[in-house]
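The values are calculated or read from the model by the stated rules, or taken from the named source; none is laboratory data. Because the structure is predicted, anything quoted here is derived from the model rather than measured. Cβ coordinates were reconstructed from backbone atoms using ideal geometry, including for glycine residues, and neighbour counts include every protein chain displayed. Note: areas computed on protein heavy atoms with side chains; ligands, DNA, RNA excluded. Shrake-Rupley method; radii C 1.70, N 1.55, O 1.52, S 1.80 Å.
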Amino acid sequence: MACFLVSAAEALVVTGIEKAEEKKEKVQIESGKIDAAVEPEKVPMSRKLKWLTWMLWGGAILLCYEHIWHGEVVPWFPFLTAMADPGDAAEMFHEMATVGVTMAAIITVTWFIMCKVSDAIMARNTDTAGQEA
């Protein structure tokens, strides 16, 4: 009923963290602490966080569309049909706590694995380039 709100909430938080990380990386590059030309083999954390935000927002939008399609989200107050009845609201919060949190956790774990695989590929490419030289 409203499980997409969990992914959307996580996406909002991660978007804020991503923007802060972008600013931090920009300051480090401008101050000379990081030389982008010397360290091209590393994927910046801000880019990795952008992957996560795209995954979370994509999942939330797709689920929202699905809930609109089934009539669980409507364009009038209270927007979520389950909020009209206290019994349905309890069921909705239970779904958010179980299904919504599980989906958000699976997306985050998948992103974490993506980051590790990306780091391994970049390290392998760096090692191969070093052996050729």
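Here are a few things to note about the model shown:
- Taking every residue in region 106-118 that is within 10 Å of L49 (Cα to Cα) and pairing it with any residue that is surrounded by 13 or more Cβ atoms within 10 Å (Cβ to Cβ), at least 6 positions away or on another chain, the pairs with Cβ-Cβ distances below 7 Å are W111/W51; W111/L52; W111/M55; C115/K48.
- Within region 52-109, the set of residues being open to solvent by less than 70 Å² (accessible area, probe 1.4 Å), assigned to a helix (DSSP H, G or I) and over 17 Å from A8 (Cα atoms) comprises T81, A82, G87, D88, A89, A90.
- Qualifying residues in region 110-133 (those that are at pLDDT 90 or above and among the polar types (S, T, N, Q)) - the one most open to solvent (accessible area, probe 1.4 Å): T110
- The set of residues from region 3-15 being open to solvent by less than 40 Å² (accessible area, probe 1.4 Å) and either free of Cβ contacts under 8 Å to residues at least 24 places away in the same chain or in contact with an Asp or Glu (Cβ under 7 Å, 6 or more places away or on another chain) (or both) comprises just one member, C3.
- Boolean, A9 is part of a helix (DSSP H, G or I), over 20 Å from V101 (Cβ atoms), modelled with pLDDT of 90 or more and small (G, A, S): no
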